[in-house]
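One structure is given here, and the rest of the page talks about it.
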Amino acid sequence: MNITPDGVSQSCRVRTAIVCLGFLVGFTIIFSRLFFLQVVQSNKGALQAQGQHFESIEVKGNRGLIVDRHGSTYAINVDAPSVYARKKDIQQQAHVLRKLSTLIDVPVSSLRKKMKGKGSSIQLKRKLTSKEVEAIQASNLPGITVKMESQRFYPKGTSLAHLLGFAGRDSQGLEGLEWHFDSYLQGKKQTVQFQRDASRGRIALVSDHGLRPYQGFRITLTIDEVIQFIAEQELDDAMRRTKAKRGTVLIMDPNTGAILAWALRPVFDPNHYQDWPRELYVNRAVTDPYEPGSTLKVLLAAAALNEGKKTPDELIYCGDGEMSIAGTKMHDLKQHGWMTLKEAVTHSSNICMVKVALSLGAEKVYDYLRAFGFGQKTEIDLPGESAGLLKAIDDWDGLTLSSLAIGQGISVTPIQLLTAISAVANGGSLYRPFVVSRVEDPRGNLVMEQNVQMRREPITYETSEMLKEMLANVVSQGTGKQAALMDYEVGGKTGTAQKAKKGARGYSSTKFIGSFVGFVPVDQPQLAILVVIDEPEGKGYGGEVAAPVFRKVAEKSLQHLMIAPKHGGFVRVAGLF
């Protein structure tokens, strides 16, 4: 053993040096790590620490309101209870789901399917009733909880369903106005921060950075709730009476294009849209064109008068109810000899109107139908609009002109026809129809306002006046007698159209569309109304199935709007919108 002069062995010194070196290396590693964590990755460490004590969540504001012209609510967000399942807390899933199924009236198979979804917390049913909530809370089923959530609610149920559409569970618009104006209606998102306790429960709101989530914009419709109710009530009555397949009632202010009522049947409930067939969601008044039948004769007469080809009192030979053209025979329901144009429209003579069309010629008929808006979209502020069908003039054959004269060989949407007739009523101006009048932000600031848009003037004021007199005659003496009102003069036209056969040429002898389109009062029209009854039982003449609906809707709506009879001393003269 080597002993150093100070009495310490050399091996001991070596061991001491090694230990010291080890401590030095260890401290170097520790200090390097601390430097790395405290300096190099200081931000990351702070974020990790913050993540253990704080939670940031994104909060989304509610969708905006949809209201009628007077502020009555049609769509709103409300807090409603939903039942959720936390997968990790459910040990005996089969037992829990069987018990829950009886409490919320949902099949076990449906609950099992939902439980296979992704995520740790699964929504099993929305919009629980108070009884369901009480039953769930009393059952104390493991892993089953009830949460209050903001959900879209339509307080008037099925009313205006096709126009409104609906929003989904994630507050996104899916159909109708909810979809078309989704960018306005969507609530804005904000981030808020909560402090959490040891069990990761929220104990305090730390900061919202001075920001608050706020709801989407408020949309005001041109719809009048009372007139909408009247239209729906009378349409429902007509559907029961006629046992029709479908029905439509549209009401417009002819002086502006503003829509006052929009009623379609059959209908669905947007509060429970998933429970209804998808085909019921379709807004057929803009998407589904149909052959208008004799209602189109009004516009052929308008063209003839405007071009100076005919006058209201000019005589036309009606061929005693029969006429051959292009190898086909045209017929009238009744035999007529000589009739004036006014009488031809009053009694809806096919033969006379074919002769009127022939006197105009193909190009003029085509030009006027285009001028009245057929074969093109009205540009109404609704999704899914069809342009209808008006064949290009190069595609016409020998029968096209005569077919058009009686409302066949052309397909129009209800909104196209009502818009065109409104131009006849208001003095000759074709307006763009619209259903949204304005959009406001949550503070009441105007974001968008709909301006009345006159697209063109297909006829002159003088022609409009002559037509109004002729259409008043239809109601007082002709096929539209059942549309007449005691205290107001009505102008309008009936239509009875055979439906085209599906998958075959020609027309059905059993399926009809009965319609009536008109306006009131004749001298200063304030309401333009279209009634369409699709496939009523029997022949379904427009004067029998649709005209009575017009009469009831018009009478009640005039009373609501306080438009007094002419002899009553007050007639409203300004546009309703």
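The values are calculated or read from the model by the stated rules, or taken from the named source; none is laboratory data. The model shown is predicted, which means the values in this text are computed figures rather than measured ones. Positions of Cβ are generated from backbone atoms using ideal geometry, with glycine treated the same way; all protein chains shown enter the neighbour counts. Only protein heavy atoms, including side chains, enter the accessible area calculation; ligands, DNA and RNA are left aside. Shrake-Rupley method; radii C 1.70, N 1.55, O 1.52, S 1.80 Å.
Name the residues in the stretch 285-316 that are open to solvent by 20 Å² or more (accessible area, probe 1.4 Å), of a type outside the set (Val, Ile, Thr) and within 32 Å of the chain's Cα centre (by Cα), would you?
ASP288, PRO289, TYR290, GLU291
Pick from HIS336, HIS331, HIS347: which is within 21 Å of GLY543 (Cα to Cα), surrounded by fewer than 14 Cβ atoms within 10 Å (Cβ to Cβ) and either at pLDDT 80 or above or of a type outside the set (Asp, Glu) (or both)? Write out each step before concluding.
Working: HIS336 fails: surrounded by fewer than 14 Cβ atoms within 10 Å (Cβ to Cβ); HIS347 fails: surrounded by fewer than 14 Cβ atoms within 10 Å (Cβ to Cβ).
So the residue among HIS336, HIS331, HIS347 that is within 21 Å of GLY543 (Cα to Cα), surrounded by fewer than 14 Cβ atoms within 10 Å (Cβ to Cβ) and either at pLDDT 80 or above or of a type outside the set (Asp, Glu) (or both) is HIS331.
Going through the stretch 388-400 one residue at a time, which ones are open to solvent by 30 Å² or more (accessible area, probe 1.4 Å), in contact (Cβ under 8 Å) with a residue 24 or more places away in the chain, out of contact with any Pro (no Cβ under 8 Å at 6 or more places or on another chain) and not acidic (Asp, Glu)? Quick ask: steps written out before the conclusion?
First, pick out the residues of the stretch 388-400 that are open to solvent by 30 Å² or more (accessible area, probe 1.4 Å): 389, 391-399.
Narrowing the set further to residues that are in contact (Cβ under 8 Å) with a residue 24 or more places away in the chain leaves 389, 393, 396-399.
With out of contact with any Pro (no Cβ under 8 Å at 6 or more places or on another chain) added as a condition, the list becomes 393, 396-399.
Those that are open to solvent by 30 Å² or more (accessible area, probe 1.4 Å), in contact (Cβ under 8 Å) with a residue 24 or more places away in the chain, out of contact with any Pro (no Cβ under 8 Å at 6 or more places or on another chain) and not acidic (Asp, Glu): ILE393, TRP396, GLY398, LEU399.
Could you give every pair whose Cβ atoms fall below 6 Å, whose first residue belongs to the stretch 213-234 and is aromatic (Phe, Trp, Tyr), and whose second residue is in a helix (DSSP H, G or I), counting only separations of at least 6 or pairs across chains?
Close Cβ pairs (under 6 Å, with a partner that is in a helix (DSSP H, G or I)) amount to PHE217/TYR184.
Restricting to the stretch 376-404, and then to whatever is among the aliphatic types (A, V, I, L, M) and part of a loop (DSSP other than H, G, I, E, B), can you tell me which residue is nearest to GLU175 (Cα to Cα)?
Let us first name the residues in the stretch 376-404 that are among the aliphatic types (A, V, I, L, M), namely 380, 382, 387, 389-390, 392-393, 399, 401, 404.
Checking the rest, the ones that are also part of a loop (DSSP other than H, G, I, E, B) come to 380, 382, 387, 390, 392, 399.
On the way: ILE380: 16, LEU382: 10, ALA387: 20, LEU390: 28, ALA392: 32, LEU399: 40 Å.
Step by step, filter the stretch 376-404, then rank; the result is LEU382.
Here is a list of conditions, (1) of a type in the set (Gly, Ala, Ser); (2) crowded, with 18+ Cβ neighbours inside 10 Å; (3) closer than 18 Å to THR413 by Cα, and ALA500 meets all of them except one; can you say which number that is?
(2)
Within the bounds of the stretch 131-146, is there any residue that is in contact with a Lys or Arg (Cβ under 6 Å, 6 or more places away or on another chain) and over 18 Å from ALA85 (Cβ atoms)?
The answer is no; no qualifying residue exists.
Just checking, does the stretch 363-381 include any residue being in contact (Cβ under 8 Å) with a residue 40 or more places away in the chain and more than 40 Å from the chain's Cα centre (by Cα)?
Scanning the stretch 363-381 turns up no residue that is in contact (Cβ under 8 Å) with a residue 40 or more places away in the chain and more than 40 Å from the chain's Cα centre (by Cα).
Considering the stretch 477-495 alone, what residues qualify as being open to solvent by 40 Å² or more (accessible area, probe 1.4 Å) and within 18 Å of GLY407 (Cβ to Cβ)?
Of everything in the stretch 477-495, just one residue is open to solvent by 40 Å² or more (accessible area, probe 1.4 Å) and within 18 Å of GLY407 (Cβ to Cβ), namely THR479.
Of the conditions (1) open to solvent by 10 Å² or more (accessible area, probe 1.4 Å); (2) of a type outside the set (D, E, K, R); (3) closer than 25 Å to ASP332 by Cα; (4) touching a residue at least 24 places away in the same chain (Cβ under 8 Å), GLN524 satisfies every one except a single condition; which number is it?
(3)
Among (1) of a type outside the set (Ser, Thr, Tyr); (2) farther than 29 Å from ASN283 by Cβ; (3) in contact with a strand residue (DSSP E or B) (Cβ under 7 Å, 6 or more places away or on another chain); (4) at pLDDT 95 or above, which single condition is LEU399 missing?
Among (1) of a type outside the set (Ser, Thr, Tyr); (2) farther than 29 Å from ASN283 by Cβ; (3) in contact with a strand residue (DSSP E or B) (Cβ under 7 Å, 6 or more places away or on another chain); (4) at pLDDT 95 or above, the lone unmet condition for LEU399 is (4).
For THR295, indicate whether it is of a type in the set (S, T, N, Q) and in contact with a strand residue (DSSP E or B) (Cβ under 8 Å, 6 or more places away or on another chain). Walk me through it before giving the result.
Values: of a type in the set (S, T, N, Q): yes; in contact with a strand residue (DSSP E or B) (Cβ under 8 Å, 6 or more places away or on another chain): yes.
Yes; evaluated as a whole, the condition is true for this residue.
Name every residue in the stretch 463-499 that is modelled with pLDDT of 95 or more and aliphatic (A, V, I, L, M), in order of residue number.
MET466, LEU467, MET470, LEU471, ALA472, VAL474, VAL475, ALA483, ALA484, LEU485, VAL490
Looking at the structure I just gave you, is LEU264 assigned to a strand (DSSP E or B), under 20 Å from the mean Cα position of the chain (by Cα) and under 20 Å from GLU175 (Cα atoms)?
Numbers: assigned to a strand (DSSP E or B): yes; under 20 Å from the mean Cα position of the chain (by Cα): yes; under 20 Å from GLU175 (Cα atoms): yes.
Yes.
Give me the residue from the stretch 445-457 that is in contact (Cβ under 8 Å) with a residue 60 or more places away in the chain and surrounded by fewer than 16 Cβ atoms within 10 Å (Cβ to Cβ) and, out of that set, farthest from ARG63 (Cα to Cα).
ARG456
Quick one: count up the residues across the stretch 401-428 that are open to solvent by 10 Å² or more (accessible area, probe 1.4 Å) and over 28 Å from the mean Cα position of the chain (by Cα).
The qualifying residues number 6.
Out of the residues in the stretch 429-447 that are closer than 30 Å to THR463 by Cβ, outside any strand (DSSP E or B) and not polar (S, T, N, Q), which is farthest from the chain's Cα centre (by Cα)?
Here is the first cut: in the stretch 429-447, the residues closer than 30 Å to THR463 by Cβ are 429-435.
Now narrow it down to the ones that are outside any strand (DSSP E or B): 429, 432-433, 435.
Still in the running and not polar (S, T, N, Q): 432-433, 435.
Numbers: ARG432: 17, PRO433: 14, VAL435: 10 Å.
Checking each candidate, the answer is ARG432.
Sort out which residues of the stretch 232-261 are part of a loop (DSSP other than H, G, I, E, B) and on the phi < 0 side of the Ramachandran plot, and write them in order of number. Break it down stepwise before answering.
First, the residues of the stretch 232-261 that are part of a loop (DSSP other than H, G, I, E, B): 243-245, 253-257.
Selection gives ALA244, LYS245, ASP253, PRO254, ASN255, THR256.
Got a sec? Which helices (runs of 4 or more DSSP H) wholly within the stretch 310-375 have at least 2 residues that are of a type in the set (Val, Ile, Thr)? Step through it out loud before you land on a result.
Working: elements: 341-346, 350-360, 362-371.
Counting at least 2 such residues, we get 341-346, 350-360.
Cβ-Cβ below 8 Å, separation at least six or inter-chain, first residue in the stretch 458-476 and more than 16 Å from ASN255 (Cα to Cα) and open to solvent by less than 10 Å² (accessible area, probe 1.4 Å), second part of a helix (DSSP H, G or I) and charged (D, E, K, R): which pairs?
What qualifies is MET470/LYS342; VAL475/LYS481.
Search the stretch 35-93 for residues being aliphatic (A, V, I, L, M), at pLDDT 65 or above and more than 30 Å from ASN140 (Cα to Cα), and hand back the single one that is most open to solvent (accessible area, probe 1.4 Å). I'd like the intermediate steps shown before the answer.
Within the stretch 35-93, the subset aliphatic (A, V, I, L, M) is 37, 39-40, 46-47, 49, 57, 59, 65-67, 75-76, 78, 80, 83, 85, 90.
This time we only want the ones that are at pLDDT 65 or above, so: 65-67, 75-76, 78, 80, 83, 85, 90.
This time we only want the ones that are more than 30 Å from ASN140 (Cα to Cα), so: 65-67, 75-76.
Numbers: LEU65: 37, ILE66: 1, VAL67: 1, ALA75: 0, ILE76: 53 Å².
Among those that are aliphatic (A, V, I, L, M), at pLDDT 65 or above and more than 30 Å from ASN140 (Cα to Cα), it is ILE76.
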